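Written out below as structure tokens is the structure these notes cover.
Quick note: the coordinates plus some simple rules give every number you see, no bench work behind them. Note that the structure is predicted; figures quoted are calculated from it, not measured. Note that we place each Cβ from the backbone using ideal geometry, even for glycine, and neighbour counts take in every protein chain shown.
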Amino acid sequence: MATIEYRQASRVYDPTRPAAVNRISLSIEDGEFLVLVGPSGSGKSTAMRMLAGLEPIDEGAVLIDGKDVSQTRARDRDVAMVFQSYALYPNMTARQNMAFALENARLPKAVIAAKVQRAADMLELGPLLDKKPSAMSGGQRQRVAMGRSIVRDPKVFCLDEPLSNLDAKLRVSTRAQIAALQRELGVTTVYVTHDQTEAMTMGDRVAVLQDGVLQQVDTPTHLYEHPGNTFVAGFIGSPGMTLLDGVTVRAGRALLGRDHGLDLGLPRELAGKVADAVIVGVRPEAWQIVGAGEEEPPGEAAVPVRVALVERLGAEAFAYCDAVTTPGSAVGVRGGRVAIRLEKGAAQIHVGQILQVRPAPGGCSFFDPVTEINLEYL
């Protein structure tokens, strides 16, 4: 077990282009499960490889247990890596793959056998120990790759998108196994994924990266409910938060809808941080449908949207809607679509229908229109 610290760490492949990882500062506690998440090309795998010693650190430093390992060889860092491609030796059995690093370390055969058996028992690999990778499924190969790391008793686990080659059902079961295994072992773990569902369900904390820059680090729940900026708001959540640009602010109130009749509940302590406009974010579950049809319901302040797609997922359903243009309105919907989670029994909602919607009280997040940072953090 170990603590990990990135201190203004950077990786620069080409000095004429932005850094792949740009001055990341991040502390990871002993035994913590931290997930690095972001879109493709965000620098998350590079940041992990810098920790493992597979990429050089061009600026700053990476520390393990308070010791600067920036110039330490990968083999001497006591970091075990699980790759996306499994990286098993095809000519070896599962037992031989798991024992290989221990044999190179010249440990006694009895110790090797005990360590391999312990890892096999934890991962339910007993029947597979004498099989080669070609005779295994993808999930079984991934468990062997995990076992190969576990037998080493490392200070740190690094898992680089280990579930991306598995089918959807197997991903769900395997991620639960990995999370439970990490809790049992208590080993500090850094897990890389582009799947924000994996990040939200597995990590003690989640670190969001974009273009090599660390955007926010927090617990999954706080990250979802209090995104640090518009990128995090749109990336975290499935579907992501709907962002409304150019919402009018008058007398400390954020106003939307016909004749600016819909008050979005901008908190008083945040109102002084913006001038005449604000970006408003609304999660799919925070939208309320207050009517359907061309006309605004009597006595209701709402905004009209037209249903473009209904996605029914069994236990829940989502309507993806286009905003109905209001004459003279400067409000724009980022990405062009409003995502609304439908309540049970909403089978009558159909494509082409016009809905009157409004955010639930307290259901909005507010962002600065220039910096796009959540007003809560300014």
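Most tightly packed first, judged by the mean number of other beta-carbon atoms within 10 Å of their residues, the peptides 252-260, 196-204 read 196-204, 252-260. Compactness of region 191-337, taken as the C-alpha radius of gyration over 2.2 N^0.38 Å, stands at 1.16.
Of all lysines in the structure, those lying under 28 Å Cα to Cα from residue 109, and not within fewer than 8 positions of it along the same chain, are 131, 132, 155. Where the alpha-carbon atoms of region 114-157 are placed on the principal axes, they occupy 31, 20, 13 Å, in descending order. Suppose we look only past 21 Å in the calculated P(r) of region 7-76. What percent of the Cα-Cα pairs does that tail hold? Summing the P(r) of region 7-76 above 21 Å gives 22 percent of all pairs. Across the chain, the mean sequence separation of Cα contacts (distance under 8 Å, 6 or more residues apart), normalised by length, yields a relative contact order of 16 percent. Computed over the chain with a Gaussian network model linking Cα atoms closer than 10 Å, the most mobile of 189, 174, 16 is 16.
Charge tally around residue 56: other residues with Cβ under 10 Å, Lys/Arg +1 each, Asp/Glu -1 each, net 0.
Calculate the FRET efficiency for residue 222 and residue 13 from the Cβ-Cβ distance with a Förster distance of 30 Å, rounded to the nearest 0.05.
0.35
Taking max minus min of the alpha-carbon positions on each principal axis, region 4-231 gives extents of 50, 39, 31 Å, largest first. Backbone phi angles across region 144-152, fed through the Karplus curve with coefficients 6.51, -1.76 and 1.60 (θ = phi - 60°), yield HN-Hα couplings of 5, 4, 5, x, 4, 7, 4, 5, 7 Hz in residue order; Gly and Pro are listed as x.
The Cα trace of region 163-274 gives Rg and Dmax of 18.7, 59 Å, the first to one decimal, the second as a whole number.
For an R0 of 35 angstrom, estimate the FRET efficiency from the Cβ-Cβ distance between residue 85 and residue 324 and round to the nearest 0.05. Using R0 = 35 Å, I get an efficiency of 0.15.
Rounded to whole numbers, the Karplus 3J(HN,Hα) couplings from phi for region 31-39 are x, 7, 9, 10, 10, 9, 10, x, x Hz, using 6.51 cos²θ - 1.76 cosθ + 1.60 with θ = phi - 60°, and x at Gly and Pro. Only helical runs count toward this figure. For the chain, summing -39,500 (n - 2.57) over DSSP H runs of n ≥ 4 and dividing by all residues gives -7000 deg cm²/dmol at 222 nm. For the chain, DSSP calls about 75 percent of its internal beta bridges antiparallel.
What the phi angles of region 57-66 give under the Karplus curve with 6.51, -1.76 and 1.60, with θ = phi - 60°, is a coupling list of 9, 7, 9, x, 7, 10, 10, 10, 6, x Hz, glycine and proline written as x.
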